[in-house]
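Let me begin by presenting the structure, written as C-alpha cells, before commenting on it.
Read-outs throughout are calculated quantities, based only on the coordinates presented, and are distinct from any laboratory measurement. Since we're looking at a predicted model, the values are computed, not measured. Cβ placement follows ideal geometry from the backbone for every residue including glycine, while neighbour counts extend to all protein chains displayed.
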There are 2 protein chains.
Amino acid sequence: MYKVKEVATMAGVSVRTLHHYDHIGLLSPGNVNEKGYRLYGEREVARLQQILFFKEMDFSLPKIKQILDDPEFDEEEALQHHREILWKKKARLERLIQSVDQTLETVRGGTLMEDEKRFKPFDMSEIEEHQKKYEKEVEERWGDTEAYKESKRKTNNYTDEDWKRIQEESNRIDRELVKLMGRDPSDEEVQRLIGEKRQHITDNFYECKGEIFRGLADMYVNDPRFTKNIDKWNEGYAEFLKKAIHTYCDRLG
Amino acid sequence: MYKVKEVATMAGVSVRTLHHYDHIGLLSPGNVNEKGYRLYGEREVARLQQILFFKEMDFSLPKIKQILDDPEFDEEEALQHHREILWKKKARLERLIQSVDQTLETVRGGTLMEDEKRFKPFDMSEIEEHQKKYEKEVEERWGDTEAYKESKRKTNNYTDEDWKRIQEESNRIDRELVKLMGRDPSDEEVQRLIGEKRQHITDNFYECKGEIFRGLADMYVNDPRFTKNIDKWNEGYAEFLKKAIHTYCDRLG
DNA sequence: GTTGACTCTGACGTTACGTCATACCTTATC
DNA sequence: GATAAGGTATGACGTAACGTCAGAGTCAAC
C-alpha cells in the first residue's frame, strides 16, 4: 500500500491532484488508516493509469469517471481506442513538423505562405471525432442492456394518455422533492420520495435495480445535458438527487 | 483584410479567443474600422500562426507575448525549437503507444504490470526541459544587448555607498508613485514620476530608450517574478506601472 | 423595411487543479 | 523524551484561458 506522496511521485501527478480525484470520486484510496491517511494499492494504481490514459485523450474528469464506473467498462476495448487516438495524435504531430519545415522554407526564401495553409496542421477534428465516437459507443451501450429492452417493450404500446399520466406522476414527485431540498438528502421524507421515483421507473419503464438507479444518479451530475435539464426544477437539484439516490441505494445494501 | 469570423474559422479558434488575444495585447488587429470591427491582415495571420505554434509547445499566453514582442525575436530560431519539441512530443506518443501495447498484453495474459512501469511513458520532463531551455535563452538574450553591456560597465565600479544611494532614490520614486495609484496613470504627477524613474535608470544603469522602457513595463506584468516583487509595494502596482509607462512612451512618440 | 448573420463590449462561469494556511502524524536523531 | 524535518489531512481562495450569454449595433440580401 502506498501513501499519497509515493503515488504522486510514481505517477508524476501532485498530491493535490490525488486529493482532488478522491474528492470527486474519480480515484478513491483503497483504504484509509486510523489517522486519515489515504492508502493506495495495486487496483488504485492501475485505475490511475487508466485515468492518465483518458486524460491524455483529452477526456474530462467527469466523463472519465462515468466511463470507468460503467459496469460494462472493457479495459481492452478502451486500450484499443487509446491506441487509435494516439496514432492520430502522432500523425497530427507529423503534419505539424512538416508545417514547421514549410514555414522555415518560406521564411528563408523570404516568401509568404497562403493564409489558409498556415493552420491546417493544427486541426484537431479527426482526433475529436474519435473521442466523440468512443463517447457515443459508451452511451449507446445503454441500448444493449436488458433495462433498455424492457423499457422498449413496455413503452411500445403506451397511449398519449399513458404518457400524460406518467409525465404528471413524474412531475409530482419532482415537485415534492424540490420542496424538500433544504433538508438532508438522507431525510426520511426525501428517501420515501426517492423510493417513489424508483418505483415510478420500475412501473413504467424497466426494473430499476440498485446499481442501475445509482448509475442513473451519477449520470444526472456527470452528463451536463442531464444536469442542465434537471436543474431547471431548481438550482442544485441534480446534485441533491444524486446524493439522495446514493443514500437510498446504500441502504438497499 | 479579414474580419473575426473569417480568421477564427481559418485558424480553428473561436471569435472569443481573438477578442481575448486582442484584450491582452497578444494579437491586435491590423486595423479597426469606423464601426469598431477588427480587421486582420497577413501580418496578423502570420503572428497567429506563431501563437498557435507556441501554444502547441505549452507556453502560456503572457510568455508567448513576451517572446513575440521581443525586438530580438528570431522566427527561424523559434521554428527550429518548435521542431525539436515536436520531435520530443512525437517520441513521447510513441512511448505511450508502446505502453498501450504492453498493457494490452498484460490484460490479455491476466498478469499485473509493475506499478512504476505504468507511468513512465506519461513523463513530460524532457519536453518541459526544452521549453525551459528556450525560455532561458530568451531571457539570457538580454545579456547580449548594448543596454546590458552599458549597465555592466557603469555599475562595475559602484561602491556600497553608490548602491545605497541608488536604492534609496529608487525606493523614494516607488513610494511616491504608490501614493498616486488612485489617480489615472496618465496623470501629470504620475507621468513626472515615471520620467524620474526612467532618468534614474539612465543615470545609473543604461540609456533607457522608449522601446526599452516599454519592454521593461511589459516584463513587469508578464513575468510573474517581477509582478510578485513589484506588487509587494502595493497590490496592482505592477499593472499601474505598466500603464503609466506605456502612456509615457506613447507621448514620447 | 425585415431578417438573419455578423460585430461589439461586458460580465459571469467553468475546469482542474496550484497555492497556502493550519493542524496533526511519523521517523530518525540526540 | 524532545526535537526537527518531512509527511499527512482539510479547507479555501486564486488561476489561466477561454466558454457562454446578454444586450446592442451593423451589414447584406430579399
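Let me spell out the model: positive unit charges on the Cβ of Lys and Arg, negative unit charges on the Cβ of Asp and Glu, origin at the Cα centre of the stretch A:1-123. What dipole size does that give, in debye rounded to 20? Please list the in-between numbers first.
Numbers: 20 positive and 22 negative charges, 113 e Å.
In debye, rounded to 20, the stretch A:1-123 gives about 540.
Counting only Cβ charges, +1 for Lys and Arg and -1 for Asp and Glu, the dipole size of chain B around its Cα centre is about 600 debye.
What's the exposure ranking of A:Leu61, B:Leu26, going from fewest to most Cβ atoms within 10 Å? List each step's numbers first, then the result.
On the way: A:Leu61 17, B:Leu26 20.
Ranked by crowding around the Cβ, least crowded first: A:Leu61, B:Leu26.
In terms of other Cβ atoms within 10 Å, B:Met124, B:Met10 run from fewest to most in the order B:Met124, B:Met10.
The phi torsions of the stretch B:115-123, fed into the Karplus equation with coefficients 6.51, -1.76 and 1.60 and a -60° offset, translate into couplings of 4, 5, 5, 5, 10, 3, x, 7, 4 Hz, rounded to whole numbers, with Gly and Pro shown as x. Taking amide hydrogens as placed 1.01 Å from N in the peptide plane, the amide H of A:Met113 sits under 5 Å from that of no residue at least 5 positions away in sequence or on another chain.
List the GluC sites (Glu not before Pro) within the stretch B:73-140 that fall in a DSSP loop (any state other than H, G, I, E or B) and whose Cβ has at most 13 other Cβ atoms within 10 Å. Display every interim value, and only then the final one.
Working: sites: B:Glu75, B:Glu76, B:Glu77, B:Glu84, B:Glu94, B:Glu105, B:Glu114, B:Glu116, B:Glu126, B:Glu128, B:Glu129, B:Glu135, B:Glu137, B:Glu139, B:Glu140; in loops: B:Glu114.
Loop-located and lightly packed - B:Glu114.
The spacing between the stretch B:1-73 and the stretch A:178-253, judged by their C-alpha centroids, is 47 Å. Cross-link pairs exceeding 21 Å between alpha carbons, from the set A:Lys120/B:Lys5; A:Lys136/B:Lys89; B:Lys65/B:Lys89: A:Lys136/B:Lys89; B:Lys65/B:Lys89. Couplings for the stretch A:96-108, taken from phi via the Karplus curve 6.51 cos²θ - 1.76 cosθ + 1.60 with θ = phi - 60°, read 5, 4, 4, 5, 4, 4, 4, 5, 4, 4, 5, 5, 5 Hz in order; Gly and Pro are left as x.
In terms of the Cα gyration tensor, with a ≥ b ≥ c the square roots of its eigenvalues, is the stretch B:75-141 rounded because a/c is under 1.5, prolate because a/b exceeds b/c, or oblate? Walk me through the intermediate numbers first.
Values: a/c = 9.24, a/b = 2.81, b/c = 3.29.
Here the stretch B:75-141 falls in the oblate category.
Computed from phi, the 3J(HN,Hα) profile of the stretch B:167-173 under the Karplus parametrisation 6.51, -1.76, 1.60 (θ = phi - 60°) reads 4, 5, 5, 4, 4, 4, 4 Hz, with x in place of Gly and Pro.
Only Lys, Arg, Asp and Glu count, each charged at its Cβ (+1, +1, -1, -1), so figure out the dipole size of the protein assembly as shown about its Cα centre, rounded to 20 debye. Before the final figure, lay out each step's value.
Details: 90 positive and 106 negative charges, 88 e Å.
That gives a dipole near 420 debye.
Shape call for the stretch B:145-252 from the C-alpha gyration tensor, a ≥ b ≥ c root eigenvalues: rounded (a/c under 1.5), prolate (a/b greater than b/c) or oblate? Note, shape of the stretch B:145-252 comes out prolate. A cut-off of 5 Å between modelled amide H atoms, ignoring neighbours fewer than 5 places along the same chain, links A:Tyr2 with A:Tyr40, A:Gly41. Listed by chain and number, the aspartates and glutamates placed with their C-alpha closer than 14 angstrom to that of A:Lys209 are A:Glu146, A:Glu150, A:Glu196, A:Asp250; residues fewer than eight positions away on the same chain are left out. Ordering B:Phe122, A:Phe54 from the fewest to the most neighbouring beta carbons within 10 Å gives B:Phe122, A:Phe54.
Tell me whether the stretch A:1-108 comes out rounded, prolate or oblate; compute the Cα gyration tensor, take square roots of the eigenvalues as a ≥ b ≥ c, and use a/c under 1.5 as the rounded threshold.
Cα axes put the stretch A:1-108 in the prolate bin.
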